[in-house]
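Heads up: the structure comes next, in structure tokens.
The values are calculated or read from the model by the stated rules, or taken from the named source; none is laboratory data. The shown structure was predicted, so the numbers you read here are calculated from the model rather than taken from an experiment. Here the Cβ positions follow ideal geometry from the backbone for every residue, glycine too, while neighbour counts run over all protein chains shown. Ligands, DNA and RNA are excluded from the accessible area calculation, which covers all protein heavy atoms including side chains. Shrake-Rupley method; radii C 1.70, N 1.55, O 1.52, S 1.80 Å.
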Amino acid sequence: MITAGIDVGSTATKAVIFDGTIRSMAIIPTGWNPKETGRTVFLEALNNAGLQERDVDTVVGTGYGRVSLSFIDKKVTEITCHAKGARFLFPQTRTVIDIGGQDSKVIAVAEDGSVADFIMNDKCAAGTGRFLQVMTGILDISLDELGQMASGSKPVSINSMCTVFAESEIIGLLAQGVTKEAISSGIVQTIANKMISLTSKISCLEEITFSGGVANNPEICVILSSSFGAKFNIANQPQIVGALGAAIVGFENYRERGNKDAIRNVM
Ligand code: ADP
């Protein structure tokens with residue numbers, strides 16, 4: 001049995017081909033046309049696995065842009081998919097922290113793997129990857145460089161709570177001669193603080209798995225992992241956790257029901 005999961009995020013679109021293990025994956029920028037991007041990333045993941053579309057038993061979509069995908073068999077929320085994906089990678093996961101391009105969320109996972117509760121920030125860019133993208137734009141560095149520069153540097157304090165004001169504050173700090181390293185460290189600290197505050201609003205249990213593109217920043221991982229006093233897992237490829245979860249939902253449904261028409265009917 002082979003299934004596919006496609007996660008059409010606000011910033012990046014991800015696909016995973018799954019056969020009980022992760023067979024292949026692909027990540028591309030979402031761009032302006034999520035429908036076309038969803039199709040492109042699916043074909044890229046198939047190509048990476050050396051498979052054809054007809055080899056795939058069922059395709060499940062997730063992410064904000066899942067509604068635009070016309071070729072999928074089932075749509076599932078990203079909350080469910082992140083919990084599924086995280087539990088597959090780290091079976092003892094009880095809390096998922098996800099920081100994506102335009103939202104961040106904390107998901108409490110019950111002992112049986114189902115979603116017990118969640119909290120989401122989709123109102124304020126300051127706790128999301130968008131914040132990092134805006135700030136690296138001002139510093140004229142890449143996201144990877146931001147991680148390197150932040151590492152081991154003493155953070156300058158960034159007081160503005162809003163991305164737009166933080167942008168002006170950073171321009172001011174640069175004008176005062178504050179180093180990019182100190183500012184990078186301050187940016188990372190700001191986003192980590194936002195996440196710690198969001199996490200405090202939900203009952204957060206051992207063990208925690210960190211997913212989403214922002215988990216590619218090693219410094220944020222260091223700050224968060226030392227903040228919770230719980231086992232803290234970081235996926236090798238944190239961006240594909242949602243797509244992986246979607247592929248697993250497809251895999252479980254197909255195994256239970258035996259054909260994709262049955263899966264479509266339970267949507
Ligand atoms: P979405 O599903 O909302 O599109 P993703 O989980 O795919 O979000 O993550 C996208 C975000 O990941 C981007 O906004 C970007 O800021 C962040 N990101 C990607 N790579 C890195 C990196 N190396 N360091 C920090 N952030 C990163």
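Data table
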{"read-out": "Charged-residue dipole, Cβ positions (Lys, Arg, Asp, Glu), the chain about Cα centre, Debye nearest 20", "value": "360"}
{"read-out": "DSSP beta bridge pairing in the chain, given as percent antiparallel to the nearest 5", "value": "65"}
{"read-out": "Near-label residues of the range 139-157 by backbone N, under 18 Å of a point 7 Å along Cα→Cβ of Ile171", "value": "139-141"}
{"read-out": "In degrees, nearest ten, helix 241-257 long axis to first principal axis of the chain (Cα)", "value": "20"}
{"read-out": "Longest DSSP-loop-exposure-free segment, chymotrypsin sites (Phe, Trp or Tyr not before Pro), the chain, at most 14 other Cβ within 10 Å", "value": "72-267"}
{"read-out": "Rotationally averaged projected area of the chain (alpha carbon convex hull; nm²)", "value": "13.8"}
{"read-out": "0 to 90° range, to nearest 10: angle between helix 180-199 axis and the chain longest Cα axis", "value": "50"}
{"read-out": "Local electrostatic count, Asp7, Cβ distance below 12 Å [Lys/Arg +1, Asp/Glu -1]", "value": "+2"}
{"read-out": "Coil-residue GluC sites (Glu not before Pro) of the range 70-176, DSSP, other Cβ within 10 Å capped at 10", "value": "Glu111"}
{"read-out": "Normalised contact order of the chain, rounded percent, pairs of Cα under 8 Å and 6 or more residues apart", "value": "25"}
{"read-out": "R0 of 45 Å, Cβ-Cβ distance Lys154-Lys75: FRET efficiency to nearest 0.05", "value": "0.45"}
{"read-out": "Residue among Ile220, Ile99, Ser203 farthest towards the positive dipole end of the chain, charges placed on Cβ", "value": "Ser203"}
{"read-out": "Accessible surface, the range 28-137, averaged per residue in Å² (probe 1.4 Å)", "value": "44"}
{"read-out": "Protein accessible area in the chain, 1.4 Å probe - carbon and sulfur %", "value": "50"}
{"read-out": "Whole-number percent relative contact order across the range 34-148, with pairs defined as alpha carbons under 8 Å at least 6 apart", "value": "15"}
{"read-out": "Loop trypsin sites (Lys or Arg not before Pro), the range 175-267 (other Cβ atoms within 10 Å of the site Cβ: 11 or fewer; DSSP)", "value": "Lys201"}
{"read-out": "Span from the the range 1-65 Cα centroid across to the the range 86-146 one, whole angstrom", "value": "20"}
{"read-out": "Distance histogram in 10 Å bins (all Cα pairs of the range 134-250, percent per bin)", "value": "13, 40, 31, 13, 2, 0"}
{"read-out": "Stokes-Einstein diffusion coefficient of the range 1-126, Kirkwood radius over Cα pairs, 10 °C, 1.306 mPa s, in µm²/s", "value": "106"}
{"read-out": "Simple label model, 7 Å out from Cα along Cβ direction - Gln102 to Cys162, nm", "value": "1.9"}
{"read-out": "Tensor-based shape of the range 130-184 (alpha-carbon gyration tensor, a/c under 1.5 rounded, otherwise prolate or oblate)", "value": "oblate"}
{"read-out": "Value of relative contact order over the range 152-235, rounded to a whole percent, pairs C-alpha under 8 Å and six or more apart", "value": "28"}
{"read-out": "Greater than 18 Å apart at Cα, pairs in Lys74/Lys105; Lys35/Lys74; Lys105/Lys194; Lys154/Lys180; Lys14/Lys75", "value": "Lys74/Lys105"}
{"read-out": "Percent of Cα pairs exceeding the 12 Å cut-off, where the set is the range 32-79", "value": "63"}
{"read-out": "Rounded tilt (10° steps) of 78-89 against the dominant C-alpha axis of the chain", "value": "90"}
